[in-house]
1. To the nearest 10 square angstrom, how much accessible area does residue A:6 have with a 1.4 angstrom probe?
2. Using a 1.4 Å probe on protein heavy atoms only, how many Å² of accessible area do A and B hide from each other, summed over both chains and rounded to 100?
3. Compute accessible area for segment B:18-35 by itself and then with all protein chains, 1.4 Å probe, and report residues whose area falls by 30 Å² or more.
4. Any idea what angle helix A:2-30 forms with the longest principal axis of chain A, computed on alpha-carbon atoms, 0 to 90 degrees, nearest 10?
5. So what is the calculated 222 nm ellipticity per residue for the protein assembly as shown, using -39500 (n - 2.57) for each DSSP H run with n of 4 or more, over all residues, to the nearest 500 deg cm²/dmol?
6. Check cross-link reach from residue B:56 to the lysines: straight Cα distance under 18 Å, and skip same-chain residues fewer than eight apart.
7. Can you send over the solvent-accessible area of residue A:145, 1.4 Å probe, protein chains only, in Å² to the nearest 10?
8. Return the distance in nm (one decimal) between the two label points of a simple spin-label model at residue B:39 and residue A:8, each offset 7 Å from Cα along Cα→Cβ.
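The values are calculated or read from the model by the stated rules, or taken from the named source; none is laboratory data. Everything numeric here is computed off the predicted structure, so don't read it as measured data. Cβ: placed from backbone, ideal geometry, glycine included. Neighbour counts: every protein chain shown. Just the protein is used for accessible areas: all its heavy atoms, side chains included, with ligands, DNA and RNA removed. Shrake-Rupley method; radii C 1.70, N 1.55, O 1.52, S 1.80 Å.
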Amino acid sequence: MKRIKTACIALAILLLASIFLLPYLWMLGSSFKSRSELFSYVLPVSWKTFIPVEPTLNNFSTLLFQLGFARTIFNTLALSVITVFGSVLLCSMAAFALSLLDFPGRKLAFLIIMFTMMVPFEARMLPTFLVVQDIGLSNTFTALYLPWLADAFLIFLFSNHFAEIPFDLYHAAVIDGCPHTRIYSKIMLPNITAALVSGALIKFFFAWDSYVWPLIILRTNKFQVLGVAIANLFTDQSIAWELIFSGGLLSTLPVVIIFILLQNYYIAGMTSGGIKE
Amino acid sequence: MERYTYRRGSKQWDLLAAILINLVPTLLLTIVFQLIPILMASWYSFLKINLMAGTKQFIGFANYLKAATDSRFLQSMGTTVEYFLLRVPLQVVFGFLLSLIIYHPKRWTAALRTIIMLPVVTSMVVVTSILALMMHPSNGLINSLLVTVGLPAQGFLTDPKQALFSIVLITVWKNVGMTMLFFLAGLMAISPSLYEAAIIDGATSLQKHMYVTIPMLKSTFIFVLITTTIRSFQVFGPVLLTTGGGPLNTTRVVVMDIYENAFIFNQLGYASTQSVLLAVILIVISLLQSKLSRRRT
């Protein structure tokens, strides 16, 4: 009786896991198939639907060498790295000033950041586009990351962690003669490294996922990113399934590896980023 | 909260420098790329903008009156509300149930949690493309599975009756892991002694959840409900990518309508008005959240 119950639970868990894993397995297997093989085993569903009989790397070479994906991946990587370092640096600096220092206008600065957090990108897509165009940044690589460096979520995440550091640490450093300008880098930053990793991961997944913004702000292929490139494969009239699978795999692999290695930091960051004044 | 205070006119130059160096770059970026666009949209919402002639004309509330009677816009609002009504219960209930499964540590819980979280971090474009291919009417995996077990094939994104719900399924599949995480964090915060007391009082496992878990998670439920609501009103990427608003306009959500007016029909003034209306809705929901969460503490 007990064994039957265990088996039932195991089966239920397996079924649940397969709801989330099936698309990944389908993508993984299909990305090594030629187009003709891909459509040969659609029905009935068998192991051949998932596992390539004659695996080929042609899809990847087509993407990388004919469709410019090598460049696209480089662009996306550059965009992600710049966004991660820029935003973690700037937002932790701002969080330091807002949470540990007081000055005339602090409340106003806080209000501006909180107000802008309430209006998500989708509601200011058009005016942001117009502003970026007006300052002459449209069609530049800078336009891809500059509007995304200041991030209220990250500021609140880092503020919460700065607030947990004993204030005596700051006080002692000042008494020892450390100028206020060096407290951030010498005293505070080393104490919130876990939060910095959390923020970096959140920003990395976000930047790697760029799609709507590059789509509306870029008019050339020079700075093309993965999100737009894969979307173009998908919306293309001659919809090339095998390339979508391979492109999807190229985009997913780094993200999944990074997530599996560092998931605890990501989860801690996502669930602790609430606003505390 | 203790802070080092800089007072106007004081001679603590290093403190003033620390404030300026650390805060100004972020504040400047926030103002230029977030605050100014919001203010600009508010101003543009009162203008009629002709891109060809390069003219801007003040027309008062005409754009707002137009929005109130524009059947296309009102229909897109209705579609968004419908999307919200379909998605929020599904994502919240499913996310809650998943958190209950994951909560009790077993050998497989860590792996299952990782698997459920994978779609959260996978790119939206990849998730949407792959799931849309799975839902493809003739070559998709889901129809193959349905036909294999003897069920009729479905139209999914191509069927006006199923398209919106198909998009709901894609977004719930991608985001339910996040909802699960929030509930997990809430569950961790419940003191085990409450469950022990319930067991001593003879509660069944269902009663334990009804009388301990759900009441103790009230604030988590409020938080999850409101953030999922906000996300529902923002939905755009998956629609743009799969249906573009079709078939028969059944998936034209508000942001899709704004996008078309702004970037296809070049109605910058009117699209600004719509953006302002959407922003107001989202701000009201956000304020509601901070009010509700303040009440509990």
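1. Spelled out: residue A:6, probe radius 1.4 Å, area about 80 Å².
2. Values: alone 16750 and 18390 Å², together 26510 Å².
In total, this chain pair buries about 8600 Å².
3. In segment B:18-35, residues shielded by partner chains: B:18, B:19, B:22, B:23, B:26, B:27, B:29, B:30, B:33, B:34, B:35.
4. Once rounded, one gets 90 degrees.
5. Details: 29 runs with 389 residues, N = 574.
Roughly -21500 deg cm²/dmol at 222 nm, from the helical runs in the protein assembly as shown.
6. The reachable lysines, counting only those whose Cα sits under 18 Å from residue B:56, are B:48, B:66.
7. Accessible surface of residue A:145 is approximately 40 Å².
8. 6.5
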